[in-house]
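None of the figures in this text is laboratory data; all of them are computed from the coordinates on show. Because the structure is predicted, anything quoted here is derived from the model rather than measured. All Cβ positions, glycine included, derive from the backbone under ideal geometry; neighbour counts span all protein chains shown.
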Amino acid sequence: MSENNKNLYYLDELSDYKVASDDSDVRGWEVKDADNRTVGKVDRLLANKETKRVVYLDIEVDTSLIEDGHEVYNKSANEGAHGFVNKEGENHLIIPIGLVRLDEENENVLTDEINYDTFTKTKRFSKGAKLDRNYELTVFRNYYPEKGVNEDDLEDENFYERREFKNPRDKS
């Protein structure tokens, strides 16, 4: 992917970016789903340079989630989508930052909106992979199939202003 089309950057790739002093650095924290089941641990943070903030958490998923999610991730054939198979070594996925809340006392990241079954069916990637907008769109559609998000939405300059990308600290 050309650097011009790159949308997401790992925070540790950006020398002039760091976690804000009033935000918790959640790397290494356990991630739990809507039913309080362990999904994995936060490995890295993904930022969008245009918004100058973290928009996704990169999660190294728990082996139980990989074992439970061995099926092909696919969408309806009428959508013209291709099925995806999670390959060996693909043990990471992303979660939009606005879909989590922080349990700072226990150092947990909680998502009340996404259940374990959804996580098992989410297309994963290998650690450190460069993520393109197609992957971002695939994941977003998996978490919110009813929203009808398409490629044009990703090009919208206000895409990261959606509720799904709001800082958990700023939720009311």
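Separation of segment 115-133 and segment 6-23 by C-alpha centroid, Å?
About 20 Å separates the Cα centre of segment 115-133 from the one of segment 6-23.
Assuming a viscosity of 1.567 mPa s and a temperature of 4 °C, what translational diffusion coefficient in µm² per second does Stokes-Einstein assign to segment 3-159, Rh being the Kirkwood radius over Cα pairs?
For the chosen part, D equals 80 µm²/s.
Please get the size of the charge dipole for segment 3-159, origin at its Cα centre, with Cβ charges of +1 on Lys and Arg and -1 on Asp and Glu, quoted in debye to the nearest 20.
It comes to approximately 400 debye.
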